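Here's the structure we're looking at; comments come further down.
Each value in this text was obtained by applying a stated rule to the coordinates, not by laboratory testing. Keep in mind it's a predicted model, so treat the numbers as computed, not measured. Note: ideal-geometry Cβ built from the backbone for every residue, glycine included; neighbour counts use all protein chains shown.
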Amino acid sequence: MRRIILFCLLLVSISFKSLADSWQEAQRTGVATLDLHWYVSKPFIYQDEKGKFHGLECEILEGFQSYVKEKHGIELKLNWIEAKDFSSIIVQTRDAKNPSTLGVSAFSITEERKQFLKFSESYLTDITVLVSSKGTPIIHGYDEIFEMMSQTEAVTIKGTVYENMLADLKRRLNIDFKTHFIPSDQNILDEISSHDNRFGFIDLPIYLMLLKNGGELTRQNFFTVKGTGYGYIMPLQSDWDEPLNEFLTDSLATSLIAELTSKYMGQEVFQFIDNLYEYDQLGTIILTKEKEMQLAMVKNANLRLEEEKNYRKILVLGFVIVVLFLIVIVVLYYNNNKSTKTLMVQKVQIEKQQTDISRKNEQLLNRNVQLLALNEEKNNLVSILAHDLRSPLNHIIGISNLLRVSDSKMTEEDREFVTLMDSSAQRMSDMITKILDVNALEQNQSVVLKEQVDVSNLLQEVCSRYQPTAAMKSISLNVNETGIPRSLQTDHLLLFLVLENLLSNALKFSSHETAVSLNVAYDEKVIVFSVQDEGPGFTEEDKEVMFGRFQKLSAQPTGGETSTGLGLSIVKKYVTDLGGKMWLESTIGQGSIFHVSLPV
């Protein structure tokens, strides 16, 4: 008995949930939500770069939202749910348990779909035409149709009426042709336009919009289809067709739809499409419209040519005015020639003085050129030597790492020798890097490469490189990266060198058993990297010269490390190249915090 009662309660709960989503219940409660399953179909429904919805169907539903508010006093919420393709919308709508589910994406009303879906009233005429690539001749008769389709390829999207029409075309003409399926987010017209051997079905309004904008495709007359129209789809159990049809047949809604259709398709195309159902000979009427639009394009081209002619006339007139102006200037020049001769005599005297000055300047310039050449030769030599030394050093480092990992039979003394060889080679490699950095600073060169940098991976990469150094001095090395962006548009190498130099200095001048932190803060405009240590801090004298090259500051390394006095000058230059800012917070005896701010 208990199970029977629970089962009845479950049935009542399901029935109440279904009722709660219905138009009937919306009239009682005054609130409702429509789940709108959609996929991009310009100009019917699409989103802009900011995520805002646009399109004919979108704005019709927004008009419906206002209509039920004013007419029935119901607050209606539109819940947009993007599907993966057109077929998914049909399946999701058909199988929906929620009566307030609507499918939105220019669905043609067909008898086949009416078997498992409910349609709203049509809001726009549904006429489909067959088009082929530019230059394809208009075909007449079965033989020409067979020849064209055997040499071309059909284009369509799975799950659409266009696919069914191609299948029907194969069946009716008994012709087997290739079919190329494109993703749902691509445009059939674009695919046909970009090839010379494609054909397919497309909506007449979209074809006429292409034609009006100067596009060139061939429309084939032998298979033009007049449908019932476009409508919104709903589950069979939905009762939302009642208010939706009431809205679509309202005179205000009719005016709104006419205005929106003109907005997205153009007034001329809308008026033509709106009147097509009055005619039976669609091919003839459409052909007449094509000729009319082509003549309008020719007329517009002639008007543009006439405007260009007028523009050229204006240019010629302007040129004549300029020539006359130059003639006036020449006349004035010759009228003032006498006074100019007096000035020329003075000029000769001044030129004699300038000759002496120029001679001395030339001597100074020659010496400067010689000095520049010597300096460049020195820099080139430094770069060549440093670069050529890197390769054997990298081999030594690689071999030492391989020995340390792979040879398990090495004695402890041998491991110490390998470690000593590795650290010595690594120090020499670091010195070479500093030499190359000095050379770059002297030449004031830095190439900034903008790329997507994974911030979290970069922080881990820098810290893992210096974790052994921190461990040797029993220094706690921490990274705090809560709430930071996943990626940053900047130069990966330059940012890595900035953080590496700051972290290296923090470890170098920190005492044993202290802590060093790499922190990251973020807001909508900047991301700030901060390296904090518990070292000796900076004096006021240090702060005035710390960004200069080869500056030896008051603090000394705590573990016998070497210092070239270049690290902070390199960091300052790279931060400037990245378009950022750098500043220091430091108190003597209480450590330091270097901040690097970069734009997001």
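Express the Stokes-Einstein translational diffusion coefficient of region 127-280 in µm² s⁻¹, to the nearest whole number, given a Kirkwood radius over alpha-carbon pairs, 4 °C and a viscosity of 1.567 mPa s.
Values: Rh = 17.4 Å.
The diffusion coefficient I find is 75 µm²/s.
Local charge for Val498 was computed over the other residues whose Cβ lies under 11 Å away, with Lys and Arg +1 and Asp and Glu -1, and equals -1. Note on region 446-599: Rg/Rh from Cα positions, Kirkwood definition for Rh, rounded to two decimals, is 0.94. Computed about the Cα centre, the dipole magnitude for region 451-551 is approximately 240 debye when only Lys and Arg (+1) and Asp and Glu (-1) carry charge, each at its Cβ. Peptides 105-117, 69-81 ranked from most to least packed by the mean count of surrounding Cβ atoms within 10 Å: 105-117, 69-81. Note on region 107-154: Kirkwood hydrodynamic radius from all Cα pairs is 14.1 Å, rounded to one decimal.
Overall shape of region 21-105 was characterised from the C-alpha gyration tensor. The equivalent ellipsoid obtained from it has semi-axes of 23, 17, 9 Å, in decreasing order.
Give the order of Cys463, Cys58 when sorted by the count of other beta carbons within 10 angstrom, beginning with the fewest.
Numbers: Cys463 17, Cys58 22.
Lowest count first: Cys463, Cys58.
The loop-placed GluC sites (Glu not before Pro) in region 149-231, going by DSSP, that have at most 12 neighbouring Cβ atoms within 10 Å of their Cβ come out as Glu216.
Each distinct pair of alpha carbons in region 48-162 adds a 1/r term; the inverse of their mean, the Kirkwood radius, is 17.9 Å. Cross-link pairs exceeding 24 Å in C-alpha to C-alpha distance, out of Lys409/Lys508; Lys42/Lys263; Lys263/Lys309; Lys158/Lys226, comprise Lys409/Lys508; Lys263/Lys309. By the beta-carbon count within 10 Å of each Cβ, the least crowded to most crowded order of Leu317, Leu61, Leu458, fewest first, is Leu317, Leu458, Leu61.
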